[in-house]
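Here's the structure we're looking at; comments come further down.
The values are calculated or read from the model by the stated rules, or taken from the named source; none is laboratory data. In this text the structure is predicted, and so the values were computed from the model without any measurement. Neighbour counts are summed over all protein chains in view; Cβ atoms, including those assigned to glycine, are modelled from backbone coordinates with ideal geometry. We work out accessible area using only protein heavy atoms, side chains counted, and drop any ligands, DNA or RNA first. Shrake-Rupley method; radii C 1.70, N 1.55, O 1.52, S 1.80 Å.
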Amino acid sequence: MTLYRQLILIVSILFITGFIGTISISTANLRHFIDEQLTSHAQDTATSLGLSLSAAMQSNDLPVMDAMIDAIFDRGYYRYIAVIDVDGTTLAERSNPVRLGNVPAWFVNNITLETPTAEALVMSSWKQAGTVQVSSHPGYAYRELWQNTMDTFWMFFLTALTVMLLGLLVIRVLLRPLQGMESQAEAICNRNYTIQEKLPRTRELRRVVEAMNRLSHKVNESFSEHSALTERLRTEAYLDPLTGAGNRRWFNRQFQNLAGTKETSAPGALLLVELHQLDAVNDTSGYPAGDHLLQRAARLLDEGTGNIGNCYLFRISGAGFAVLAVNMTATEADTLAGKLCNELLQLHVEGIVTHLDIAHIGIALWKPGSTTDKVLAEADIAMRSAQASGENTWKRYEPMADNQAPIRGKTEWRNFLKDAITNENITLLSQPVYRVGTDRHTLLHTEILSRITDTNGEPVPAGIFMPMAERLNLASELDKVTIGKLLDHVGSDADMSQTYAVNIASSSLHDPAFIDWLFEKLSAKPDCRSRLIFELPEHSVLRDTDVAISIIQRLTKLGCGCGIDHFGRCFHSLGYLRNIGVQYLKIDGPYIHGIDQDSDNRFFVQALSDTAHSIDIQIIAEAVETEAEAETIGRLNVDGIQGFLSGKPEPV
């Protein structure tokens, strides 16, 4: 029961108690007064009548006696009058039945009025001739008592009602700050650290509101400090401080994750870019000018690759940059290299460099299982070939391209994906996510993975076909098939404790038609909603945080869970996590590979876990493949693990 209702109940009880007490005391006092009045009235009448009847009694004149008694009795205030001689003979008698009019019977039964019979002597000369007995009529007394009680009741009731309404209005005004504090506490629980600007006038409530404001401010500061520390650790470990691009360590980890032999493996292209005039600029214009050259070159390269999905920029040496592009074909890599060469000519236009020989680009294509050293060596060979071919040129390492069978052309990819969508040629696989530590067999949820079988009967993982589907604007159609099959499975699954997580592609998240389809499907299957978790890629959430928050709130309202997948790929402030409303973050594989031997990754994961837990978000580590990694993760306050160590993908 709310405090407001409790106060209403207490005030009501107090008023009812006061009302009953007031009515009881008022009625009792009035009854006592009326009792005395009735007794006195009867006695006075008896005495007066006794004196008046003395002469008639002496002469034994009964008609006169009757006339005198009638004159008094007819006034209606008496229930009984009798004249009795000394022998006990009733000489005259009058009686009036008790009629109470509109007085309720329950009132008469509960409130008794005493109407004793008063007596007086009737004298004849100096001798007693008889007695007069008089009893007052209680009818008028009951009516008077009832009317007084009702007048008191209505007066008290209307007064009490007015006072109560005014009191409740005052209480509501006084308790309004408590409602604000309740909303503020709920906001803090939802990672929204609001401040109440308007302080109540009541001193005690003002102090509580001020304390809540200080708490909100402190919690906000604590989260901001944690998130800033976490972001600083990651930035120092993986970003080039001069250009803001990923450093060599981040390049190695990303390549290992993208070209690995497990679930995340995918083919793609590496573009190795080398600037030629850095030393000359440093010698002639100083190191600040050289720094400006690197910063401007990094910005041009970033702008040239910014519109390409799953494309990453790194600075891997003094004047060397690298671009990793997932699922990029040889033709697309050639086009991108030519575009970047033209973009870098802007350095000459802006006067940052004096010669047109600005940079050369070497291209190497990789396939799943490739090593960093091998692909870098091939890209370096291609770049040396480009340097021998003229100014600002690019070359691709041909032997790699000849052996790159997994990479299809754009038209072939389009036909392949459309055929899979039309025929629903998508197979669902599941991979368990377990709790970390001694309780590793406790299942948190099961992630759904998808495969498309090619013409050779080989399964193509989502890590390979989804990036291409994003480029061809087919990702939302693939998501519809995958989610539709998952809903059918969940609806027929008898194990109601099983929870499934499924990914939503970035383009699907920003496709209104897909979102409408998704919520229509979920509305039609209410029994399935609480068993579904939708994972959103981090880069998609950061692309339009407001849209992501809106979709997450709608999914949460339906009873679905939400998480962020591949967290850590984007170097962005963690502040947005306060309002995002997800249940967990899945840390990207590059932070987990070899974490038992990498102190920087351990620091980052520990700091991220502390920051996320402060706002009730769980942390799950992806791509855990060794016991050493799992044991290390267990000491870093991580909640769950997923990877080949805990279970390989199996058909649903």
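Look at Ala266 and say whether it is under 30 Å from Gln642 (Cα atoms) and in contact with a Gly (Cβ under 6 Å, 6 or more places away or on another chain). So Ala266 fits the description; yes. Of the residues screened, Arg435 is not one that is more than 30 Å from Ile363 (Cα to Cα), modelled with pLDDT under 80, open to solvent by 40 Å² or more (accessible area, probe 1.4 Å) and not small (Gly, Ala, Ser). Does Glu538 satisfy the criteria of being touching a strand residue (DSSP E or B) at 6+ places or on another chain (Cβ under 6 Å) and farther than 20 Å from Leu428 by Cα? The answer is yes for Glu538.
Looking across the range 86-117 at every residue that is buried (at least 16 other Cβ atoms within 10 Å of the Cβ) and farther than 22 Å from Leu145 by Cα, the one that is farthest from the chain's Cα centre (by Cα) is identified as Leu91. The residue that is modelled with the highest pLDDT, counting only those in the range 438-463 that are over 22 Å from Ser530 (Cα atoms) and open to solvent by less than 20 Å² (accessible area, probe 1.4 Å), is Ile452. Picking from residues in the range 582-638 that are open to solvent by 30 Å² or more (accessible area, probe 1.4 Å) and under 27 Å from Cys560 (Cα atoms), the one that is modelled with the lowest pLDDT is Ser614. Counting only helices (runs of 4 or more DSSP H) that fall entirely inside the range 506-553 and contain at least 3 residues that are surrounded by 19 or more Cβ atoms within 10 Å (Cβ to Cβ), the qualifying elements are 506-509, 512-524, 538-543. If you check Thr27 against the conditions, is it within 26 Å of Thr159 (Cα to Cα), open to solvent by 70 Å² or more (accessible area, probe 1.4 Å) and in a helix (DSSP H, G or I)? So Thr27 fails the test. Considering the conditions (1) touching a residue at least 40 places away in the same chain (Cβ under 8 Å); (2) open to solvent by less than 60 Å² (accessible area, probe 1.4 Å); (3) touching a Gly at 6+ places or on another chain (Cβ under 9 Å), Arg79 is excluded by exactly one of them, (2).
Taken over the range 299-336, residues that are open to solvent by less than 50 Å² (accessible area, probe 1.4 Å), more than 46 Å from the chain's Cα centre (by Cα), modelled with pLDDT of 90 or more and closer than 23 Å to Asn473 by Cα amount to 1. Taking the conditions (1) within 26 Å of the chain's Cα centre (by Cα); (2) within 29 Å of Ala330 (Cβ to Cβ) in turn, Ile452 satisfies each one other than (1).
Where helices (runs of 4 or more DSSP H) sit wholly within the range 279-397, those with at least 2 residues that are touching a residue at least 60 places away in the same chain (Cβ under 8 Å) and out of contact with any Pro (no Cβ under 9 Å at 6 or more places or on another chain) occupy 287-305, 330-344, 372-387. Quick check: anything in the range 464-485 touching a strand residue (DSSP E or B) at 6+ places or on another chain (Cβ under 8 Å) and more than 30 Å from Tyr312 (Cβ to Cβ)? Within the range 464-485, one or more residues are touching a strand residue (DSSP E or B) at 6+ places or on another chain (Cβ under 8 Å) and more than 30 Å from Tyr312 (Cβ to Cβ).
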